[in-house]
Amino acid sequence: MGAGLAIGARLDKSPTRVYVLMGDGEMAEGRCGSSRVCGHYKIDNLTALADVNALGQSDPTMYEHDMETYRRKFESEGWQQKWWMGTT
């Protein structure tokens, strides 16, 4: 949904910036394919905030608190890293 809003704003030549909050359960492979679309189309008016709490609906998430894996995942999908804040 965020990707669609960002593309629509870009087509309208609007200065709108779209923010999406994604949980790590939602970022599991196959669930959130739009992250690859955003990188591919270089959508630069979309900011993703990733809530990494290591909890899925019924089990821990596959990467738990491995922030380096999430960084590599987003980077491989074409996202630009403006800043990165991990857990310590």
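Data table
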read-out	value
Whichever residue in the stretch 49-66 is touching an Asp or Glu at 6+ places or on another chain (Cβ under 9 Å) and not in a loop (DSSP other than H, G, I, E, B) and, among such residues, is surrounded by the most Cβ atoms within 10 Å (Cβ to Cβ)	50
Test: residue in the stretch 8-17 that is modelled with pLDDT of 75 or more, touching a helix residue (DSSP H, G or I) at 6+ places or on another chain (Cβ under 9 Å) and buried (at least 17 other Cβ atoms within 10 Å of the Cβ)	no
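This table checks each residue for (1) of a type in the set (S, T, N, Q); (2) modelled with pLDDT of 75 or more; (3) in a loop (DSSP other than H, G, I, E, B).
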position: 26; (1), (2), (3): no, no, yes
position: 42; (1), (2), (3): no, yes, yes
position: 47; (1), (2), (3): yes, yes, no
position: 68; (1), (2), (3): no, yes, no
position: 74; (1), (2), (3): no, yes, no
position: 82; (1), (2), (3): no, no, yes
position: 86; (1), (2), (3): no, no, yes
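The values are calculated or read from the model by the stated rules, or taken from the named source; none is laboratory data. These figures come from a predicted structure and were not determined experimentally. Note that each Cβ is placed from the backbone with ideal geometry, even for glycine, and that neighbours are counted across all protein chains shown.
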